[in-house]
Amino acid sequence: DTGTASYYGRAHHGRRTASGERFDMNGLTAAHPWLPFGTRVRVTVAGTGRSVVVTITDRLYSHTRIVDLSQGAARLLGIIQQGLARVSLTPA
């Protein structure tokens, strides 16, 4: 799957995710519309090839993005400054 990714952080830190886990903004987690909780996916940034493996712990309700990453995952991917990035998702 290919599309736009964004990230979320401090405003949600410590709150419960849709899976029931507490959100850790520094962790390697993500929100996705339909993948089962606990699924691990590799997120790769188009153009840079940087990638990270995240675990799906939350739901994403967006018609414009395919994944919302934790701030920790976004930092490793180098997308903090721009906030959005074109990414591909593959099984991990």
Selection from the range 15-34 of residues open to solvent by 30 Å² or more (accessible area, probe 1.4 Å) and of a type outside the set (Asp, Glu) yields Arg15, Arg16, Ala18, Ser19, Gly20, Arg22, Asn26, Leu28, Pro33, Trp34
Restricting to the range 35-63, name every residue that is among the polar types (S, T, N, Q) and more than 21 Å from Gly78 (Cβ to Cβ). Thr39, Thr57, Ser62
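State whether one or more residues within the range 80-91 are touching a residue at least 60 places away in the same chain (Cβ under 8 Å), in a loop (DSSP other than H, G, I, E, B) and open to solvent by 40 Å² or more (accessible area, probe 1.4 Å). Steps first, answer last, please.
Restricting attention to the range 80-91, the residues satisfying the condition of being touching a residue at least 60 places away in the same chain (Cβ under 8 Å) are 80, 83-89.
Keeping just the survivors that are in a loop (DSSP other than H, G, I, E, B) gives 80, 83-84.
Among the residues that remain, those that are also open to solvent by 40 Å² or more (accessible area, probe 1.4 Å) are: 80, 84.
Looking for residues that are touching a residue at least 60 places away in the same chain (Cβ under 8 Å), in a loop (DSSP other than H, G, I, E, B) and open to solvent by 40 Å² or more (accessible area, probe 1.4 Å), one finds at least one in the range 80-91, hence yes.
Quick check on the range 41-52. Is at least one of its residues under 12 Å from the mean Cα position of the chain (by Cα), open to solvent by 30 Å² or more (accessible area, probe 1.4 Å) and of a type outside the set (Gly, Ala, Ser)?
Step one: filter the range 41-52 for residues under 12 Å from the mean Cα position of the chain (by Cα), giving 41-45, 51-52.
From what is left, the residues that are open to solvent by 30 Å² or more (accessible area, probe 1.4 Å) are 42, 44, 51.
Among the residues that remain, those that are also of a type outside the set (Gly, Ala, Ser) are: 42, 44.
Looking for residues that are under 12 Å from the mean Cα position of the chain (by Cα), open to solvent by 30 Å² or more (accessible area, probe 1.4 Å) and of a type outside the set (Gly, Ala, Ser), one finds at least one in the range 41-52, hence yes.
The values are calculated or read from the model by the stated rules, or taken from the named source; none is laboratory data. The structure presented is a predicted model; accordingly, all values stated were derived computationally and were not measured. Here Cβ is always computed from backbone atoms with ideal geometry, including for glycine, and neighbour counts include all displayed protein chains. Remember, those area values only see protein heavy atoms, side chains included, never the ligands or the DNA or RNA. Shrake-Rupley method; radii C 1.70, N 1.55, O 1.52, S 1.80 Å.
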